[in-house]
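The numbers here are math on the coordinates, done by the rules we state, and not lab data. On a predicted model such as this, the values are computed, not experimentally measured, just so you know. Cβ coordinates were reconstructed from backbone atoms using ideal geometry, including for glycine residues, and neighbour counts include every protein chain displayed.
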Amino acid sequence: MQEQLIRHITVGNIATNCWIYGIEGPAGANACAVIDPGAEADRIIESLKRLNMHPLYILLTHGHFDHIAALPALAAAYTPRPLIAVHRLDAEYFGPASLEVHRRSFAAAAGNSSYVDALWEDMPSPDRLLEEGDKIGPFTVLHLPGHTRGSAAFYDKAEGVLFSGDTLFRGDYGRTDLPGGNDGQIRESLKRLLAMESAVKVYPGHGPVTAIGEETGLLEAL
Ligand SMILES: [Zn+2]
């Protein structure tokens, strides 16, 4: 078996992890999924070029602007356009009416929306709205509400790899004080994740990689 390709680029002012994940594609193509293109589309595209990778999917763990600001330019850079997918309950962060949603959300986080206004480009609508248990590429979708209503993780069971977005970080978990956040829900979502096999490697939306087995101490705080 070929070694699984996982690369990461830290993008934007909020140091978001954008992940490039090799997947099976059409014969002869080096296919990948890009997870959370948070900013700096040029750098993401440059990395993909260097890796000789073509994105089949752009997967969003949730709709926060620091995870999707590079989505318009990244999606537009490829023909055919990669399939854009996000959980149904975060659909409001996408499409033509989403600018106000991002302004409100960002103002709640940072006191103003200047970061959104500086980087804003017309946000495409998702091609596919995901539900709990859906399969997309090599992943199963885990719906993990709490950080946002539609927060999700992408779990490649065969590889033991989980992209956890802003739900689970190394030694910490996502904030719940922004619009759509819910503390009770994120606790339940975390309990669910921390009940997974301890060897599952966790690739979060910010900060270093971890594993389920290294985070079970969080359970005491839940
Ligand atoms: Zn977030």
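Some values worked out for this structure:
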| item | result |
| --- | --- |
| The chain, relative contact order [Cα under 8 Å, separation at least 6], % | 15 percent |
| Most mobile of V141, V209, V161 in a GNM of the chain (Cα contacts under 10 Å) | V209 |
| At most 16 other Cβ within 10 Å, DSSP loop - GluC sites (Glu not before Pro), the range 130-222 | E131, E132, E159, E197 |
| Residue (of S114, S125, F154) at the positive-pole extreme of the range 55-174, dipole from beta-carbon charges | F154 |
| Choice from F154, F139, F163 with maximal GNM fluctuation in the chain (Cα, 10 Å cutoff) | F139 |
| Efficiency of FRET from Cβ geometry, L129 and A195, R₀ 25 Å, rounded to 0.05 | 0.40 |
| Cα gyration tensor shape for the chain, rounded if a/c is under 1.5, else prolate or oblate | oblate |
| All lysines inside 22 Å of K201 as judged from Cα atoms, apart from same-chain residues fewer than 8 positions distant | K135, K157, K191 |
| Pairwise centroid distance, computed over Cα atoms, of the range 181-222 with the range 112-148, Å | 20 Å |
| Sum of -39500 (n - 2.57) over DSSP H runs of 4+, divided by residues of the chain (222 nm, nearest 500) | -6500 deg cm²/dmol |
